[in-house]
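K.L.:
Please see the structure below; I have some questions.
The values are calculated or read from the model by the stated rules, or taken from the named source; none is laboratory data. Model, not experiment: these values are computed from the prediction. Using ideal geometry, Cβ is built from the backbone for each residue, glycine included, and neighbour counts are taken over all protein chains shown. SASA here: full protein model, heavy atoms, side chains in, ligands and nucleic acids out. Shrake-Rupley method; radii C 1.70, N 1.55, O 1.52, S 1.80 Å.
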Amino acid sequence: MELKRILIGLEGLKAKGKLDLEIKGIEENSREIKEGYLFVAIKGFATDGHKYIENAIENGAKAIMVEEGYDIKSAKISEDVTIIMAKNTREALAICSANFYNNPTEKLKLIGVTGTKGKTTTTFMIKEILEKAGKKVGLIGTIATYINGEKVKDSDRTTPESLELQRTFSEMVNEGVEVAVMEVSSQSLKLHRVDACNFDLVIFTNFSEDHISPNEHPDMEDYFNSKLKLFNMCKTGIVNADDLHGAKIPKLFPESDIITYGIDNYANLLAKDITITNSYVDFRVKLSDRNERVKTGIPGRFSVYNSLAAIVVAKKFGVAPEKIKEALEEVRVPGRSELVDNKRDLTIMIDYAHSPESLQNILQASKSYTRGNVISVFGCGGDRDSGKRPVMGEISGRIADYTIITSDNPRTEKPEIIVNQIEEGIKKTKGKYEVIVDRTEAIEKAIKMANKKDLIVLAGKGHEPYQEINGVKYPFDERIIVNEIIEKLDKENKK
């Protein structure tokens, strides 16, 4: 594609060199540059892409995009290389990527889901419903990217960089995808990753404190305002009316078509007569012209909210009530309140909870509907915020009936140091607990002590099929490990 076509929609550019160049690809990583590519230099948190301009040219870049303020004379750039200066290269990369891939989101129905919690589960519910209705669906999110039911790759962040995002949408278009559903993080909105995306529907699940750090958001106001950007990109929004921040959105966007859902407050779609058990929730909701009971195998009150958001989308697409009900009952989300089928019929839940708030939420929810004991098995990741470790220990000691402190992804830290820090917090409570550093042994102990009325919560690992120790990722899929342990215990009992 000609460079001048790639630059369509960008304002305030300064250029030196040819604009009728044929560009074969775009990259922000100089190591990925090939002959005839455009290199876009991004100022990142860890490194500045402008340092690698000469590497990009050595690898074959024919055009370079730099950010205003960069001293072009400081780099050795030959006369045959076109230089473009943009006000913001992150923003420019998103527009250039969309142009290069022929604006793929204009050929799709695109649904964006933002919020502090519930993004992953809501996107999976929407995917399941639309697929049940015969639609070809793509999904991009925290766990993986799916195209027409097939997992094409695992994710390393909630929302990919704009270049990868547009490339993936282009692939979806080529595969005949009709609807794409995507988790949209506040960080992706702030860093222009989803600029140039053509959204048809956007969803706001809820809002609470998270992602406040020097490299993310300085405060809650910035965090909320970043999420609100999504509503400037779409005229039709779906909002949780029971969330204090969500309830403000209809007034903030009076020109938009905002549909609300909820349980406690007035909303366009309401859930009533809710039943929550340790293996499912069911509730009454208006699917067509009458109220019907809907059941989903993901326990917890939050599951009702996620289901309601997905139902609003389903109604927008004209999905039949029976298809909605079938999909919600069958949907399973890897590592999100995921129940593990096992021969002993024990209730064993895998959840990605790895922060104080998420651990508190999952344990409080579990406690509210479990007839027996809640057994909490968790650790904390190494090389991450150590301040949260005693806090999480205190939370588990206060809420769970029994806690087994164990290892998570220790990374380069000693697991014993991490579990000792967690133990400092649990000692402040009267909670019963023990420390078993080996995670497999910890899970085995929980299984041995549980009966069918109890609930085992394996928190922290979620969908991850590995355990990271000293830079090496060892296979560690808790679904497999649970069943291997039960198999071993059953054999021992028969002897």
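K.L.:
Does the stretch 225-238 include one or more residues that are among the basic types (K, R) and crowded, with 20+ Cβ neighbours inside 10 Å? Write out each step before concluding.
P.N.:
To start, the set of residues in the stretch 225-238 that are among the basic types (K, R) comprises 227, 229, 235.
Those left that are additionally crowded, with 20+ Cβ neighbours inside 10 Å: 227.
The answer is yes; a qualifying residue exists.
K.L.:
Taking the stretch 20-30, which residues are part of a loop (DSSP other than H, G, I, E, B) and either in contact with a strand residue (DSSP E or B) (Cβ under 7 Å, 6 or more places away or on another chain) or open to solvent by less than 30 Å² (accessible area, probe 1.4 Å) (or both)? Spell out how you get there, then give the answer.
P.N.:
Initially, the stretch 20-30 is screened for residues part of a loop (DSSP other than H, G, I, E, B), giving 20-21, 23-24, 28-29.
Correct list: D20, L21, I23, K24, E28.
K.L.:
Identify the single condition in (1) surrounded by fewer than 20 Cβ atoms within 10 Å (Cβ to Cβ); (2) at pLDDT below 95; (3) not aliphatic (A, V, I, L, M) that G115 does not satisfy, given that it satisfies every other one.
P.N.:
(1) is the only condition that G115 fails.
K.L.:
Scan the stretch 268-285 residue by residue and report those that are more than 12 Å from K325 (Cα to Cα), touching a strand residue (DSSP E or B) at 6+ places or on another chain (Cβ under 7 Å) and either among the acidic types (D, E) or in a strand (DSSP E or B) (or both).
P.N.:
Within the stretch 268-285, L269, L270, K272, D273, I274, T275, V281 qualify.
K.L.:
Which strands (runs of 3 or more DSSP E) does the stretch 372-483 wholly contain that include 3 or more residues that are among the β-branched types (V, I, T)?
P.N.:
Working: elements: 374-378, 402-405, 432-435, 455-459, 466-469, 472-475.
Ranges flagged: 374-378, 402-405.
K.L.:
Take the residues of the stretch 127-181 that are open to solvent by 40 Å² or more (accessible area, probe 1.4 Å) and of a type in the set (A, V, I, L, M): which is farthest from P334 (Cα to Cα)?
P.N.:
For the stretch 127-181, the residue satisfying everything is V173.
K.L.:
So, of the residues in the stretch 454-495 that are among the polar types (S, T, N, Q) and open to solvent by 60 Å² or more (accessible area, probe 1.4 Å), which turns out to be farthest from V374 (Cα to Cα)?
P.N.:
To start, the set of residues in the stretch 454-495 that are among the polar types (S, T, N, Q) comprises 467, 470, 483, 493.
When the remaining residues are screened for being open to solvent by 60 Å² or more (accessible area, probe 1.4 Å), the result is 470, 493.
Numbers: N470: 32, N493: 25 Å.
In this case the residue turns out to be N470.
K.L.:
Follow-up question, since we're still on this one. Scanning for something of a type outside the set (V, I, T) and over 30 Å from Y280 (Cβ atoms), does the stretch 449-466 turn up at least one residue? Lay out the reasoning, then the answer.
P.N.:
Going residue by residue through the stretch 449-466, those that are of a type outside the set (V, I, T) are 449-455, 458-466.
Next, from what is left, pick out any that are over 30 Å from Y280 (Cβ atoms): none.
No: zero hits.
K.L.:
Name the single residue, out of those in the stretch 355-371 being in a loop (DSSP other than H, G, I, E, B) and within 17 Å of D401 (Cβ to Cβ), that is least open to solvent (accessible area, probe 1.4 Å).
P.N.:
Start the filter on the stretch 355-371 by keeping residues that are in a loop (DSSP other than H, G, I, E, B), which leaves 355, 370-371.
From what's left, within 17 Å of D401 (Cβ to Cβ): 370-371.
Values: T370: 18, R371: 193 Å².
Filtering first and then ranking leaves T370.
K.L.:
Just one of (1) of a type outside the set (F, W, Y); (2) more than 24 Å from K388 (Cβ to Cβ); (3) modelled with pLDDT under 95; (4) open to solvent by 50 Å² or more (accessible area, probe 1.4 Å) trips up N451, so point out which.
P.N.:
Answer for N451: the failing condition is (3).
K.L.:
Within the bounds of the stretch 342-354, is there any residue that is open to solvent by 30 Å² or more (accessible area, probe 1.4 Å) and within 28 Å of K473 (Cβ to Cβ)?
P.N.:
In the first step, residues of the stretch 342-354 are kept if they are open to solvent by 30 Å² or more (accessible area, probe 1.4 Å); the result is 343-345, 352, 354.
Among the residues that remain, those that are also within 28 Å of K473 (Cβ to Cβ) are: 352, 354.
The answer is yes; a qualifying residue exists.
K.L.:
Evaluate the following for E67: is it in contact with a His (Cβ under 8 Å, 6 or more places away or on another chain) and under 18 Å from A86 (Cα atoms)?
P.N.:
Numbers: in contact with a His (Cβ under 8 Å, 6 or more places away or on another chain): yes; under 18 Å from A86 (Cα atoms): yes.
Criteria met by E67.
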